[in-house]
Amino acid sequence: MGANPKLVVLSEPLRGQSFELTAERYLIGRVESCEICIPDPTMSSRHCLLERQEDGSFLAIDQGSTNGSRINGAKISSQKLANSDILQCGSVEILYDSGLKLSTNTLGTKTGINLSASSGTESLSNMANFSPFGSRSGMGGKGGVAKYAFPVILSLLGVGVILALLILLKNLLAK
């Protein structure tokens, strides 16, 4: 067996802080009496319990928290954690590292796509399932429209700042 399992906080302000899981049970919450204390307002006082299973893995059990517990985005009442799962307590994201080097949940696929026009296949723009904006799974999907939102908002803020400076400069020169 490899190193002990651990949790690594992915969210600010505790990003990178890790908790080695050597005991049988851990209560995660925002109060100091919890074994894993994360003082975040979206986390309940006693948010989620981790219990070691016979195989050495941990079961995550929501403790009736206000904002719920999720594993890989799916709301849970209790669920066994697997290597690389993201446990979310409130808005705090925490990576579960089982410590096993050979453990993985990733399934690989191989897809052969011929994009050349001479192959007699449809062009990409004519394909019904092609979207230049990535996934069609909605705003939260990987590679979807959401990934463009931040740069667009940032650009609009930049334009707003430039306009405000131009108006200020115009007013100063008019005096």
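The values are calculated or read from the model by the stated rules, or taken from the named source; none is laboratory data. These figures come from a predicted structure and were not determined experimentally. Reconstructed Cβ throughout: ideal geometry from the backbone, glycine too, with neighbour counts over all protein chains shown. All accessible areas refer to the heavy atoms of the entire protein, side chains included, with ligands and DNA or RNA removed. Shrake-Rupley method; radii C 1.70, N 1.55, O 1.52, S 1.80 Å.
What to note about this one:
- Residue that is surrounded by the most Cβ atoms within 10 Å (Cβ to Cβ), among those in segment 7-19 that are over 16 Å from Glu51 (Cβ atoms) and not polar (S, T, N, Q): Val9
- Flag if Ile28 is open to solvent by less than 40 Å² (accessible area, probe 1.4 Å), over 19 Å from Asn4 (Cβ atoms) and in contact (Cβ under 8 Å) with a residue 24 or more places away in the chain: no
- The set of residues in segment 1-18 that are touching a residue at least 12 places away in the same chain (Cβ under 8 Å) and either more than 14 Å from Gly99 (Cβ to Cβ) or out of contact with any Lys or Arg (no Cβ under 6 Å at 6 or more places or on another chain) (or both) comprises Met1, Ala3, Asn4, Pro5, Lys6, Leu7, Val8, Val9, Leu10, Ser11, Leu14.
- Taking segment 60-88 as the range and being within 20 Å of Asp40 (Cα to Cα), in a loop (DSSP other than H, G, I, E, B) and open to solvent by less than 60 Å² (accessible area, probe 1.4 Å) as the test, the residues that pass are Ser65, Gly68, Gly73.
- Residue within segment 40-50 that is modelled with pLDDT of 95 or more, more than 21 Å from the chain's Cα centre (by Cα) and part of a loop (DSSP other than H, G, I, E, B) present: yes
- Across segment 1-22, the qualifying residues are those that are assigned to a loop (DSSP other than H, G, I, E, B) and touching an Asp or Glu at 6+ places or on another chain (Cβ under 7 Å), and the one among them that is farthest from Gln63 (Cα to Cα) is Asn4.
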